[in-house]
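The values are calculated or read from the model by the stated rules, or taken from the named source; none is laboratory data. Everything numeric in this text was worked out from a predicted model, so none of it was measured. A quick note on method: Cβ atoms are made from the backbone with ideal geometry, for glycine too, and the neighbour counts reach across all protein chains shown.
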């Protein structure tokens, strides 16, 4: 559940009482609504950690750290930034098309690809995980 959805749900009690009536589990109360809102805001935090894990954000964090910890890392980042700005890749037209058509999946894919290329991040293939296990 996105933060905007939670905020619209929390702004009124109509959805809370309607869902109680549909489920048939009590009438609901003011404190019940407050507690449900707290749980929903907690779900937003949990989803954000799930995004961090499933999108392998730790690799991007490491790459960003390398880019700003040394002169050579920053030089590499600056040259790569210039390369990405001057590149006439189809990636930018995909990103623009996603924004104009409000295709959030396309925007996310193109932004993720751009970020991966910008920071020169290599994410290991999941199928290679077994290769590191020691077997006798």
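Say whether the condition of being surrounded by 11 or more Cβ atoms within 10 Å (Cβ to Cβ), part of a loop (DSSP other than H, G, I, E, B), assigned by TED's automatic domain parsing to the domain that holds residue 63 and at pLDDT below 90 is met by at least one residue in region 91-111.
no
Restricting to region 35-80, and then to whatever is touching a helix residue (DSSP H, G or I) at 6+ places or on another chain (Cβ under 8 Å) and surrounded by fewer than 11 Cβ atoms within 10 Å (Cβ to Cβ), can you tell me which residue is nearest to residue 13 (Cα to Cα)?
Applying the filter and picking the extreme gives 51.
Here is a list of conditions, (1) surrounded by 11 or more Cβ atoms within 10 Å (Cβ to Cβ); (2) part of a helix (DSSP H, G or I), and residue 31 meets all of them except one; can you say which number that is?
(1)
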